[in-house]
Amino acid sequence: MHELKLKVIGQPYGAMCIIHRDLHVKKAGEVLKRNRKIVLASHCILNINSKVYGIATEPAGCGQIVSGLLDNGYGIIQLPCAEQACFGINRWGQVKNQLNFPAFRSRCYELLKPIVEQVSDFYQNGYEISAVIGLDGSPACGINYTCSGNWGGEIGEGYDLDSKISSLDKLSEYGVMMEVLSQMLNEAGIVTKYLSVDESCPEASSQELMAKLIE
Ligand code: SF4
């Protein structure tokens with residue numbers, strides 16, 4: 001039996017009221033409907049528009065991964081895109097060593113602070129923070145690996161562009177924002193897994209992610 005309860009929690013605002021809806025599904029006296037499992041996902045998994053131009057693999061977001069998470073009972077908190085917050089949507093692609101400077105790390109901390117506060121509230125009230133889900137290769141959101149290289153300076157002719165590009169390499173470290181986030185979660189005493197997805201193989205990646213979440 002379904003019963004929709006409407007509770008007024010605010011003052012009338014013009015002709016409108018702020019209404020809070022609590023959906024209770026009653027079955028043999030139980031209140032159901034809440035799994036208490038949450039993941040934190042890199043921003044562009046849900047909104048691919050934040051990526052550097054040229055590397056989006058879907059028009060809007062990674063549907064298979066998002067629906068796989070929801071279908072398997074995981075609520076999703078979307079992390080901020082630290083690169084866009086600092087360098088905008090018209091930024092160039094960058095490598096970790098270009099982002100690994102104090103002001104960028106401070107900006108990550110500021111962006112993540114309200115999220116970590118919300119997550120701490122959930123955690124202290126018995127919710128499971130099942131995983132942080134990042135994107136390998138990203139200088140900010142990499143988990144298993146990020147990217148490094150001798151990048152920087154001018155990129156036109158006569159500025160040794162070829163050798164800059166060819167210095168691109170994989171680095172088996174977190175990206176900068178994930179380093180800051182893992183430190184903040186550790187300091188808050190929150191234990192979780194750090195996983196990544198491969199958007200270029202969404203179906204396989206979604207299945208692999210679900211298997212790792214229940215390991
Ligand atoms: S910084 Fe993270 S969220 Fe932003 S585009 Fe890169 S991988 Fe996605």
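Can you work out the FRET efficiency for the pair Ala204 and Tyr127, with r the C-beta to C-beta distance and R0 = 25 Å, to the nearest 0.05?
0.30
Tell me the relative contact order for the chain as a rounded percent, counting alpha carbon contacts under 8 Å between residues six or more apart.
About 19 percent, as a whole number.
Can you pull the percent of Cα pairs in the chain with separation above 29 Å?
Roughly 37 percent, once rounded to a whole number.
Which one, Gly63, Thr146, Leu168, is farthest towards the positive end of the dipole of the chain when Lys and Arg carry +1 and Asp and Glu -1 on their Cβ?
Value computed over the given set: Gly63.
For Gln183 and Ile214 in the same chain, what is the full-extension length gain: residue separation times 0.36 nm, less their Cα-Cα distance, in nm?
8.8 nm
Loop only by DSSP, 14 or fewer other Cβ within 10 Å of the Cβ. Give me the GluC sites (Glu not before Pro) in region 136-175 that pass, ordered by residue number.
The qualifying sites are Glu154, Glu157.
Which is the longest run of the chain containing none of the trypsin sites (Lys or Arg not before Pro) found in DSSP loop states (not H, G, I, E, B) with at most 10 other C-beta atoms within 10 Å?
Result, exposed sites excluded: 35-215.
In deg cm²/dmol and to the nearest 500, what is the mean residue ellipticity at 222 nm of the chain if only DSSP H runs of at least 4 residues count, each as -39500 (n - 2.57), divided by the residue total?
Taking each H run of at least 4 residues, the total per residue is -10000 deg cm²/dmol.
A short reminder: the numbers here are calculations on the coordinates, not readings from a lab. Nothing here was measured: the structure is a model prediction, and the numbers come from that model. Using ideal geometry, Cβ is built from the backbone for each residue, glycine included, and neighbour counts are taken over all protein chains shown.
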